[in-house]
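The values are calculated or read from the model by the stated rules, or taken from the named source; none is laboratory data. These numbers come from a predicted model, not from an experiment. Neighbour counts are summed over all protein chains in view; Cβ atoms, including those assigned to glycine, are modelled from backbone coordinates with ideal geometry. For the accessible areas, the whole protein counts, side chains as well, though only heavy atoms, and no ligand, DNA or RNA atoms are used. Shrake-Rupley method; radii C 1.70, N 1.55, O 1.52, S 1.80 Å.
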Amino acid sequence: MNLLHAMRERVAPFVALRHDLHRHPELGLQEFRTSALLAEQLECWGFSVTRGIATTGLVAQLVRGQGKKRLGIRADMDALPIQETNRFAHCSLHDGLMHACGHDGHTAMLMAAAKYISQELDFSGTLNLIFQPAEEHPGGAKLMIEQGLFEKFPCDAIFAAHNMPGIPAGQLVFIDGPAMASSDDVTITLTGLGGHGAMPHLAQDPIVAASSIVMSLQTIVSRNINPLQTGVITVGALASGKANNVIPGSARLELSVRALDREVRDLLQVRITDLVTAQAQSFGLQAQIDYKRDYPVLVNTRAETEFARAVGVALLGHEGVTLQGRPLTGSEDFAFMLDHCPGSYLMIGNGVAPNASSPKDLAHACMVHNAGYDFNDEILPVGAAYWALLTQRYLTN
């Protein structure tokens, strides 16, 4: 039987699992119900399950034959602090929490693959299924690595997938090299001298300085970064003052900084630090800069991406695959895993609905992190079949 057809025949329980997870979303490092539910099922299918890595993370291992190769596949489990606006039957039951990024679907796809692999596939080697907490925050991949993930469960290659609205449902997109941007958080505190709004010459105004800094920051990418490379500096918050006739004593800016190249990432940090310091001094203010380097650039290794592409073509044909997609300026903590192990991160289309009137279609095309988003159940068997075929091919070569 064709693998994709076989998975479609078996997918109903995993659609139900996905809906159950969607109804019961849990934030990062709080996925206790989710983790326990998965572990119990995986153990029933013959996996050896290790729980409690990075609090709620787990690894399900299946070893067969004498093969020496070790494969890792990762799915994320956490939800987001967003109030869902959908009205379908499987809506979130918890106010202020929802699966707005499709991690419920990623988990269900890997679970469907796990059952099929355990019961139907012959292979020789070690399969490590990694169910990771806290992808959104504070970075569960890094926490799992720090707690010995790859020492306890060595992998020769590791793979992961993410759904993507705006791409036809089930289309697989592969990206060789840098695929997702680094993400750094910067907090700038400007300290001046408060005073009366009618006598600005007796004060040191942090609002004027902050305004100048916001505008000057936009020149860093346009005048310091090669136009053929990518950098993003976004000032997402600026807070200062409470009254129109009072010059406040301080101002606070919060920045999101992204790059698709490690050297560009380093340059952005240097230029932001230098520019902010000099601008503050020019206004007679002090600047405190808290520069937090968060997720690194996600870089897919060439050989593993070529292997992943070949699996995609074998499953769906060339018409169902984008061989080389465009990098994204969003970020992913799977980058930490790829810094430790060769592998590849691919996209699976969640659907497009440019003229749709159906709430269901609109939810599938709605961008992630939106209160109206929902994972598309139609792509669940595609993702599950892909993981099963990838496992079969990797652990029989």
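What share of the DSSP beta bridges in the chain is antiparallel, in percent to the nearest 5?
Numbers: 47 of 69 bridges.
Taking every DSSP beta bridge with both residues in the chain, the antiparallel ones total about 70 percent.
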Sequence neighbours fewer than 8 away in the same chain don't count; with that in mind, list the aspartates and glutamates whose C-alpha is under 12 Å from K69. D156
By how many degrees, 0 to 90 and rounded to 10, does the Cα axis of helix 262-282 deviate from the longest principal axis of the chain? 20
One quarter of the C-alpha convex hull surface, i.e. the mean projected area of the chain in nm², amounts to 21.7
Give the accessible surface of region 133-239 per residue, rounded to a whole number of Å², with probe radius 1.4 Å and ligands, DNA and RNA excluded. 43
Can you tell me which lysines have their Cα less than 20 Å from the Cα of K292? Leave out same-chain residues fewer than eight positions away. K142
Taking r as the C-beta separation of S216 and K292 and R0 as 22 Å, the FRET efficiency to the nearest 0.05 is 0.55
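To the nearest whole percent, what portion of all C-alpha pairs in region 256-345 is separated by more than 16 angstrom?
On the way: 2661 of 4005 pairs.
Beyond 16 Å sits 66 percent of the P(r) for region 256-345.
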Can you give me the relative contact order of the chain as a percent, contacts being Cα pairs under 8 Å and 6 or more apart? 25
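Just the projected area, averaged over all directions, of the convex hull on the alpha carbon atoms of region 1-65: how many nm²? Intermediate results must be reported in sequence, preceding the final value.
Working: hull surface 23.2 nm².
Averaged projected hull area, Cα only: 5.8 nm².
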In region 1-151, what percent of the accessible surface is made up of carbon and sulfur (1.4 Å probe, ligands and nucleic acids excluded)? 50
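What is the percent carbon and sulfur in the accessible area of region 163-203, measuring with a 1.4 Å probe over the protein chains and ignoring ligands? Could you put the intermediate results ahead of the total?
Details: 970 of 1480 Å².
Accessible surface attributable to carbon and sulfur in region 163-203 totals 66 percent.
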What does the accessible area of E378 come to, in Å² to the nearest 10, when a probe of 1.4 Å is used? 120
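Excluding ligands, DNA and RNA, what is the solvent-accessible area per residue of region 241-311 at a probe of 1.4 Å, expressed in Å²?
Result: 52 Å² of accessible area for each residue.
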Tell me the Kirkwood hydrodynamic radius of region 84-200 in angstroms, computed as one over the mean inverse distance between distinct C-alpha pairs. 19.3
Can you give the accessible area per residue of region 312-397, in Å², using a 1.4 Å probe? 40
What is the percent of Cα-Cα separations in region 215-295 that go past 15 Å? 61
For region 219-341, give the percent of accessible area contributed by carbon and sulfur heavy atoms, probe 1.4 Å, rounded to a whole number. 49
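Rg to Rh ratio, region 138-263, alpha-carbon atoms and Kirkwood radius? Mind showing how you got there, number by number?
Working: Rg = 21.9 Å, Rh = 18.9 Å.
In region 138-263, Rg relative to Rh is 1.16.
Which whole-number percent of Cα pairs in region 1-126 have a distance greater than 18 Å? Walk me through the intermediate numbers first.
Values: 4393 of 7875 pairs.
Looking at region 1-126, the distances longer than 18 Å represent 56 percent of pairs.
Quick one: if you take sqrt(5λ) for each eigenvalue of the C-alpha gyration tensor of region 305-397, what semi-axes come out, biggest first, whole angstrom?
Numbers: eigenvalues 142, 63, 30 Å².
After diagonalising the Cα gyration tensor, the semi-axes are 27, 18, 12 Å.
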